[in-house]
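Single-structure report; data block below.
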Amino acid sequence: MKIALAQLNYHIGNFSSNTSKIIAAIEKAKAQQAEIIVFSELAIGGYPAKDLLQNAAFLNNCHDSLTVIASHCQDILCIIGAPIPNTDSEGKALYNAAVCLENGKIIHISKKGLLPDYDVFDEYRYFEPNRQFTCLTYKNTKIALTICEDLWDDDQGNNSYVGDPMQELLQENPDLLINIAASPFSYSHYQDRLAVLRSQIAKAKRPLIYVNQVGAHMDIIFDGRSLAIDENGAICCELKKFEEDLQIVDYSNQTIQSTTTYTEPQDQEIALIHEALLLGLRDYFRKSGFKKAVLGLSGGLDSALVAALACEALGAENVLAILLPSIYSSDHSIQDALDLVKNTNCAHHIIPIKDITQAFETTLAPFFEGQQPGIAEENIQARTRGTLLMAISNKFGHIVLNTSNKSEAAVGYGTLYGDMAGSISVIGDVYKSKAYDLARYINRNQEIIPVNTIDKAPSAELRPDQKDSDSLPPYDLLDQILFQYMEKQKSKEEIIALGFDESTVERITKLVNNAEFKRFQAPPILRISPKAFGPGRSMPLVAVYQ
């Protein structure tokens, strides 16, 4: 039989658009003589719907969409993710389910058993875990149908779940494995995902179809890359990354073949990050109904990087760069910013902030009398810029893009209500050292980001001859320590044991801990790493960190 893998980009709560998109995919699959079409986890309603799952109107819309979609499933089996009610008197109100539709009816439901509540996941808040698992039999083919995490059992060393859905399903000796998923992107996750899928194939000695979601929902980005893998673990078909796609595979006699030739992708980590950020930024604007973006362009690397990404994702005609030079802004920084404007062809304005900051300082002079100028005066400049950008946003409806990188966010090297302002943090999960790689990648075909912006020493330019290295270790060193502390979640002692200087580690980890209150007030961040600030790293604001 022919099986269609339908990898779609859903819009949470947009039932009209999502339902139309699903029905169009069903009709396309039927036109290619597919007998089964498979969609991703919680395609009905979108994922993650969060507390909308506790809203009666939202759940009624999910039910109505399923009914409409079922009416189009004539002579084809549709496997699709949806929240369904728990009819038992005990437990949570919903199950996370794979609903099987044929000829206008539900013929089978598989419910998710393993509900992740780590990192960005919070499924146990909404769903009851399933405890009984049975295969679906369709046209003499026994299918072990699971939902995402049900494949990620204890054998992977991942989590200590009670129970193993696949172990139960394999006792029925299935002919085919199907997994529907909403597996978020991180730049290192694909190989882990592939290893898990192949591990289950090795146990079952059966082929597997895996359908993942694609698209971005604020901070979480889904890369797609749905797969059909044969019983030997060889990939027969891989759907596009970061794009919608529909592909047909042939299944017969417990083996699977693709109708197209599969070519192993040559993934570059930095290229994946680039594509993920573009999708995250584009979907944030499209799904929120925003059109125009504004950002402060300083001539430094971070703002140049965000401007270049915004122009590529949204179109240069939708990006407004505001140059906000102070008395400390160097001529070469202003020129670098103007060169980027020329290279991208985005609109720009220059608004000097000298007089505004002087007015603040004059007003505050009686309160600051006898005090040496310092961080307070530097922050006035940053907050002046933030205020002007927000005023432009309010007046013209442009959305402010935050330009802080992960290294700065980690150690609190940013000003609340100043350069930390914005509706979305575009590179807040990109370390500074990685930002340089990303800038060079953007320039791979032509110069977009001026070379001088990449080559010069980084500086906030808030006082004469200021350099980031005045107050921080070199970014290459800083980022290594931050990576071990945050992504690897190692203790100070473990990091020092790796060979890092004890006093430097002590200082950096203290800065990270002390900046928690700042990050709590920061804009949401596009997640591209295994451990990003935000929902995936929930820390108390008032605590003693040892």
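Ranked by the mean number of other Cβ atoms within 10 Å of their residues, highest first, the peptides 418-428, 223-233, 121-131, 494-504 come out as 418-428, 223-233, 121-131, 494-504.
The residues 357, 363, when put in order of fewest to most other Cβ atoms within 10 Å, stand as 363, 357. Give a quick list of GluC sites (Glu not before Pro) in the stretch 353-445 that DSSP marks as loop, anything other than H, G, I, E or B, with at most 11 other Cβ atoms within 10 Å. Passing both the DSSP loop test and the Cβ count: 369. Considered as an equivalent ellipsoid built on the Cα gyration tensor, the stretch 158-241 has semi-axes of 23, 16, 11 Å, the largest given first.
Dividing the radius of gyration of the alpha carbons in the stretch 2-260 by their Kirkwood radius gives 0.92 for Rg/Rh.
From least to most packed, judged by other beta carbons within 10 angstrom and beginning with the fewest, 190, 210 follow the order 190, 210. For trypsin sites (Lys or Arg not before Pro), the sites in the stretch 245-291 that DSSP calls loop and that have at most 15 other Cβ atoms within 10 Å are 291. Cross-linked pairs 406/467; 28/240; 50/488; 112/142: Cα-Cα separations exceed 20 Å for 50/488. For the stretch 271-468, the extents of the C-alpha atoms along the principal axes are 53, 35, 31 Å, listed from largest to smallest.
Starting from the eigenvalues of the Cα gyration tensor, five times each then square-rooted, give me the equivalent ellipsoid semi-axes of the stretch 168-293, largest first, whole Å. Write down the numbers at each step before the final one.
Values: eigenvalues 186, 41, 37 Å².
Semi-axes (√(5λ), whole Å): 30, 14, 14.
Of the DSSP beta bridges with both residues in the chain, give the percent that are antiparallel, rounding to the nearest 5. That works out to approximately 55 percent antiparallel. Other residues with beta-carbon under 12 Å from the beta-carbon of residue 317 carry, at +1 per Lys or Arg and -1 per Asp or Glu, a net charge of +2. In the chain, the longest principal axis of the Cα atoms and the axis of helix 375-396 are about 60 degrees apart. For residue 369, the shell of other residues with beta-carbons less than 14 Å away shows a net charge of -2, using +1 for Lys and Arg and -1 for Asp and Glu.
Relative to the longest principal axis of the Cα atoms of the chain, the long axis of helix 354-368 lies at roughly 70 degrees.
Electrostatic bookkeeping for residue 43 treats Lys and Arg as +1 and Asp and Glu as -1; over the other residues with beta carbon under 15 Å from its beta carbon, the sum is -2.
Each value in this text was obtained by applying a stated rule to the coordinates, not by laboratory testing. Note that the structure is predicted; figures quoted are calculated from it, not measured. Cβ atoms come from the backbone with ideal geometry, glycine included; neighbour counts cover every protein chain shown.
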